[in-house]
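Novice: Sharing a structure here in structure tokens format.
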Amino acid sequence: MRTQEPKLIACAVAVLAFCSISSAQVTKYQEDANLGIEAHVGKLTGHARDAALNYRRYCTGCHGDLGDGEGENAMWLDPKPRNFTLATFRCRSTATGTLPTDEDLYETVGRGLETSNMPSWNPLSDQARVDLVAYVKHFSDRWKTEKSGTPIEIPAEPAVTAQRIKAGQALFQRLECWKCHGVEGRANGPSADTLTDDQNRPIKPFNFHDQTRFKCGETNRDLYRIFMTGLDGTPMPSFMDNVKPDEAWDLVFYLRTLQPMQTPAKEIAKQLGLRPINPNAPAPTSESKPEGENK
Amino acid sequence: MIPATLLSLGIFAVKYSVHAAPPSGSSITGTIKLEGTPPHQRPIDMSKEPACAAVHKASPVTTETVVAGADGGLKNVVVYISEGLSGSAATEVAPETPSWDQKGCQYIPHVMALNPNQHFKVTNSDPTSHNIHPMPQPGGPNHEWNKSQPSGAQPIDAAWQSPEVAIHVKCNIHPWMSGYMVVVKGPYGVSDEKGSFKIDNVPPGSYTLTAWQESLGTQTQKITVAAGKPTAANFTFKAK
């Protein structure tokens, strides 16, 4: 027995060593294959291979070595870091269910994500950020088999008028934005407390009343894009099928009246004496007359 | 939009070429039974959506995780051929375009079976908005999407590209709404309130037949289908 033991151990060690070597080789091979992926933003071409060092330095802590969002800091964070292996992204200029464009990811890396722990990475060079976009893509094979969606077309922003704000309010009512965001945009609609993300974690709707910037940008065009394409992975759906491009601007202007900062739209709403529509009022009329008050 | 149109045109082309082949084969019929006491189905409180609460005033609705009749017949079980299909039988796309309706803040049907690339229509019969949010396995071959569908909106046309058992569908506005789309290759059947199902156009051969129920899991059995003769196959699920 005694003589056999070392043999067995040696054998086990050999097997383990063989396994670890072979699995490491497979992983290395796959990773190498994926590391050839590129990202294109403007005239820049990003190479995943060139981002490995920056990713390890700046991103791994939260997003993890494997890009699965399980970095060592992840347990302390809410919202959780994105799991890149799933290739589901909130901030897209493309239809729901499709991959974002490289520009979309580049914007996110540069902008950071408001009310999360994702900071702006604009201090890195443009080239370094495009490389990181390619690196983010290398974590999922979806980028090999599928093309990015087509970005939606956003018409030029029209002038804000009282009529547009009123039409926007009617849309807010008809599309039932208030079911989650609340009639005054205070994130207190009847469904607000029950929302979960795609990993079944609780998630809050955007509170227009006390937040100025959105996760996916802060400009009017960003706001337009957010509700038209939806935020995949969250309860926020795409409204593209049911809102015409011009109408969408009406909704943008109305939403701006709900926010804390001073905007031209808010000034007009004040002059109009615009009040939130009571969703429980009798059948919504086709015109957007403010009906009664709502607490 | 343009790629989507091209895609659907492509699918139509496939559909018609498949359609040209005459349907052949036998049918598999059977009954799905539930053994034991059906689990309690929780009543659904729709008071947050008065329009839907009003619809169900007379007969309140419950969850539908297990729907069993008085005689034990189990509804909403998808029966399909999980092994043994070959050639066109495995790739044929059913020509129907089934509807997935949102009515009274419930999904009708609660469970729908589909082939990969078989188109379906999502409709909203309610006076209220829904968001239709199918949630395939994250990172899998099908991808989550999430669209708002206000009252009176046009139907949404969609299809799943890969088999998946099963895709959970939910509405975030009405968290009680729950349904499943089951995407399988080849012919399929879904059991009715008596637990009966029928699968048509099965070519003769030996197969593994699988029955899937949303909370009781799957069961399989081997069957042999002879030419021109209906084959019987029954399943019994045990209540957990």
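The values are calculated or read from the model by the stated rules, or taken from the named source; none is laboratory data. Computed from a predicted structure; not experimentally measured. Counting neighbours? That spans all protein chains shown, and the Cβs are built from the backbone with ideal geometry, glycine included.
Novice: Residues that are closer than 24 Å to A:Pro202 by Cα and of a type in the set (Ser, Thr, Tyr), at least 3 per element: which helices (runs of 4 or more DSSP H) completely within the range A:48-141 meet that?
Specialist: none
Novice: For the structure I just gave you, tell me whether B:Val165 is more than 23 Å from B:Arg42 (Cβ to Cβ) and among the β-branched types (Val, Ile, Thr).
Specialist: yes
Novice: Please verify whether the range B:78-100 includes one or more residues that are within 14 Å of another protein chain (Cβ to nearest Cβ), farther than 24 Å from B:Ala239 by Cα and modelled with pLDDT of 95 or more.
Specialist: No, the range B:78-100 contains no residue that is within 14 Å of another protein chain (Cβ to nearest Cβ), farther than 24 Å from B:Ala239 by Cα and modelled with pLDDT of 95 or more.
Novice: Separate question: For the list (1) surrounded by fewer than 15 Cβ atoms within 10 Å (Cβ to Cβ); (2) within 14 Å of chain A (Cβ to nearest Cβ), I need the number of the one condition that B:Ala159 fails.
Specialist: Unmet for B:Ala159, out of (1) surrounded by fewer than 15 Cβ atoms within 10 Å (Cβ to Cβ); (2) within 14 Å of chain A (Cβ to nearest Cβ): (1).
Novice: Here is a further query. I'm checking my understanding of the structure. Among residues of the range A:225-251 that are closer than 23 Å to A:Ala192 by Cβ and in contact with an Asp or Glu (Cβ under 8 Å, 6 or more places away or on another chain), which one is surrounded by the fewest Cβ atoms within 10 Å (Cβ to Cβ)?
Specialist: A:Gly233
Novice: List pairs: first residue in the range A:82-103 and in the same structural domain as A:Val136 (by TED's automatic domain parsing) and β-branched (Val, Ile, Thr), second residue buried (at least 22 other Cβ atoms within 10 Å of the Cβ) and outside any loop (DSSP other than H, G, I, E, B) anywhere in the structure, Cβ distance under 8 angstrom, at least six positions apart or on different chains.
Specialist: A:Thr94/A:Asp104; A:Thr94/A:Thr229; A:Thr96/A:Thr229; A:Thr96/A:Ser238; A:Thr96/B:Lys147
Table: residues versus (1) part of a strand (DSSP E or B); (2) surrounded by fewer than 22 Cβ atoms within 10 Å (Cβ to Cβ); (3) touching a residue at least 12 places away in the same chain (Cβ under 8 Å).
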site	(1), (2), (3)
B:Val182	yes, no, yes
B:Glu193	no, yes, yes
B:Phe197	yes, no, yes
B:Ser206	yes, yes, yes
B:Gly228	no, yes, yes
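Novice: Given the options B:Gln118, B:Gln106, name the one that is within 18 Å of B:Val67 (Cβ to Cβ) and in contact with a helix residue (DSSP H, G or I) (Cβ under 9 Å, 6 or more places away or on another chain).
Specialist: On the way: B:Gln118 fails: within 18 Å of B:Val67 (Cβ to Cβ).
Being within 18 Å of B:Val67 (Cβ to Cβ) and in contact with a helix residue (DSSP H, G or I) (Cβ under 9 Å, 6 or more places away or on another chain) holds for just one of B:Gln118, B:Gln106, which is B:Gln106.
Novice: Hey, could you check the range B:18-52 for residues that are surrounded by 11 or more Cβ atoms within 10 Å (Cβ to Cβ) and hydroxyl-bearing (Ser, Thr, Tyr) and say which is modelled with the lowest pLDDT?
Specialist: B:Ser24
Novice: While we're here: Which members of the range B:125-171 meet the condition of being in a loop (DSSP other than H, G, I, E, B) and among the β-branched types (Val, Ile, Thr)?
Specialist: The one that is in a loop (DSSP other than H, G, I, E, B) and among the β-branched types (Val, Ile, Thr): B:Thr128.
Novice: Could you tell me whether A:Thr263 is out of contact with any Asp or Glu (no Cβ under 8 Å at 6 or more places or on another chain) and modelled with pLDDT under 95?
Specialist: Values: out of contact with any Asp or Glu (no Cβ under 8 Å at 6 or more places or on another chain): yes; modelled with pLDDT under 95: yes.
Spelling it out, A:Thr263 is indeed out of contact with any Asp or Glu (no Cβ under 8 Å at 6 or more places or on another chain) and modelled with pLDDT under 95.
Novice: Just checking, how many residues over the range A:211-265 are of a type in the set (Lys, Arg) and in a loop (DSSP other than H, G, I, E, B)?
Specialist: Going through the range A:211-265 one residue at a time, the tally reaches 3.
Novice: Write out, first by first residue and then by second, each pair whose Cβ atoms fall under 8 Å of each other, whose residues are 6+ apart or on separate chains, and whose first residue, in the range B:130-145, is more than 8 Å from chain A (Cβ to nearest Cβ) while the second is small (Gly, Ala, Ser) and assigned to a loop (DSSP other than H, G, I, E, B).
Specialist: Sorted first by the residue in the range B:130-145, then by its partner, the pairs are B:Gly140/B:Ser162; B:Pro141/B:Ser162; B:Asn142/B:Ser162.
Novice: Given the residues B:Gln106, B:Gln118, which is the only one that is within 26 Å of A:Cys180 (Cβ to Cβ), in contact (Cβ under 8 Å) with a residue 12 or more places away in the chain, surrounded by 15 or more Cβ atoms within 10 Å (Cβ to Cβ) and more than 14 Å from chain A (Cβ to nearest Cβ)? Outline the logic, then answer.
Specialist: On the way: B:Gln118 fails: within 26 Å of A:Cys180 (Cβ to Cβ).
Of the residues listed, the single one that is within 26 Å of A:Cys180 (Cβ to Cβ), in contact (Cβ under 8 Å) with a residue 12 or more places away in the chain, surrounded by 15 or more Cβ atoms within 10 Å (Cβ to Cβ) and more than 14 Å from chain A (Cβ to nearest Cβ) is B:Gln106.
Novice: For the range A:155-184, give me each residue that is closer than 20 Å to A:Thr263 by Cα and touching a Ser or Thr at 6+ places or on another chain (Cβ under 7 Å).
Specialist: Hits for the range A:155-184 are A:Ile165, A:Lys166, A:Ala167, A:Gln169, A:Ala170.
Novice: Sticking with this structure for a sec: From the set of residues in the range A:155-180 that are in contact with a Pro (Cβ under 6 Å, 6 or more places away or on another chain) and either more than 24 Å from B:Gly152 (Cβ to Cβ) or more than 11 Å from chain B (Cβ to nearest Cβ) (or both), which is surrounded by the most Cβ atoms within 10 Å (Cβ to Cβ)?
Specialist: Result: A:Val160.
Novice: Could you list, in sequence order, the residues of the range A:190-216 that are away from chain B (no Cβ under 14 Å) and either among the polar types (S, T, N, Q) or crowded, with 19+ Cβ neighbours inside 10 Å (or both)? Break it down stepwise before answering.
Specialist: Residues of the range A:190-216 that are away from chain B (no Cβ under 14 Å), as a first pass: A:207-216.
Scanning the range A:190-216 gives A:Asn207, A:Phe208, A:Gln211, A:Thr212, A:Phe214, A:Lys215, A:Cys216.
Novice: I've got another one for you. In this structure, is A:Glu157 within 23 Å of B:Ile132 (Cα to Cα), in a loop (DSSP other than H, G, I, E, B) and charged (D, E, K, R)?
Specialist: no
Novice: Continuing with this model, one more query. Just to check your reading of the model, which residue among A:Thr229, A:Thr285, A:Thr257 is outside the structural domain of A:Pro79 (by TED's automatic domain parsing) and at pLDDT below 95?
Specialist: Selected residue: A:Thr285, the only one of A:Thr229, A:Thr285, A:Thr257 that is outside the structural domain of A:Pro79 (by TED's automatic domain parsing) and at pLDDT below 95.
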